[in-house]
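Participant: My questions will all concern the structure given below.
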Amino acid sequence: MATESSESEEEGKIRGGNDKLIIDDDLREMGKNAAWSVSSCKPGNGVTTLRDDNLETYWQSDGLQPHLINIQFQKKVKLQLVVLYVDFKLDESYTPSKISIRAGDGFHNLKEIKSVELVKPTGWVCLSLSGTDPRETFVNTFMLQIAILSNHLNGRDTHIRQIKVYGPRPNPIPHQPFQFTSMEFLTYATLR
């Protein structure tokens, strides 16, 4: 999987973050296939700033907590990892401290699948969607919702600089241990 932030499983707390985003080759970014929406935003700091690949811009909520980020897919997808870029040094009381991740078919049946507490995070924070059972390596869902339940220093609004969502990379040939990279190799992949 990806490089994990230091996480204490029994407490559900994540400390720190990573300066560089390092993701395994067997994962692919799925956010580009989704419709993104937020519960509120300040003018100029909307949902597009979450996906612009610029760490200087950020989404800023505007209103009462919880602040919600909704990620909806047209078809059911497998999701394995949510990665956030947050910066306590720059954002202080705007930095999220408690986050809940929910999944479901739509707004009507979302269920919490992960709840974490961030302790002064700076950098990329990786949140695995794997369950407690080792066979549960991903979540199969139409919708993912990230709820910011509270901020550091009792802040009201929140800043999140980037969000990326990863799922397993599909293998083009079932039961094939490796992936071919060209069409020519694919034509000779099977024997008659």
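Participant: Tell me, which residue of the stretch 17-40 that is farther than 22 Å from LYS78 by Cα and touching a Pro at 6+ places or on another chain (Cβ under 9 Å) is modelled with the lowest pLDDT?
Facilitator: GLY17
Participant: Then there is this: Going by what's in this entry, would ILE14 be described as crowded, with 18+ Cβ neighbours inside 10 Å, modelled with pLDDT under 95 and touching a Ser or Thr at 6+ places or on another chain (Cβ under 6 Å)?
Facilitator: Yes.
Participant: Got a sec? Which of ARG102, ARG156 is out of contact with any Cys (no Cβ under 7 Å at 6 or more places or on another chain), under 24 Å from GLY46 (Cα atoms) and at pLDDT 95 or above?
Facilitator: Criteria check complete, one pass: ARG102.
Participant: Which one is least open to solvent (accessible area, probe 1.4 Å), of the residues in the stretch 108-153 that are modelled with pLDDT of 95 or more and among the aromatic types (Phe, Trp, Tyr)?
Facilitator: That would be TRP124.
Participant: Exactly one of these conditions fails for SER61: (1) without any contact (Cβ under 8 Å) to a residue 60 or more places away in the chain; (2) touching a His at 6+ places or on another chain (Cβ under 7 Å). Give me its number.
Facilitator: (1)
Participant: Tell me which residues, restricted to the stretch 55-72, are open to solvent by 60 Å² or more (accessible area, probe 1.4 Å), in a loop (DSSP other than H, G, I, E, B) and polar (S, T, N, Q).
Facilitator: GLN65
The values are calculated or read from the model by the stated rules, or taken from the named source; none is laboratory data. All of these numbers come straight from a predicted model, not from anything done at the bench. Reconstructed Cβ throughout: ideal geometry from the backbone, glycine too, with neighbour counts over all protein chains shown. The protein model used for the area step is the full one, side chains on, heavy atoms only, and it has no ligands, DNA or RNA in it. Shrake-Rupley method; radii C 1.70, N 1.55, O 1.52, S 1.80 Å.
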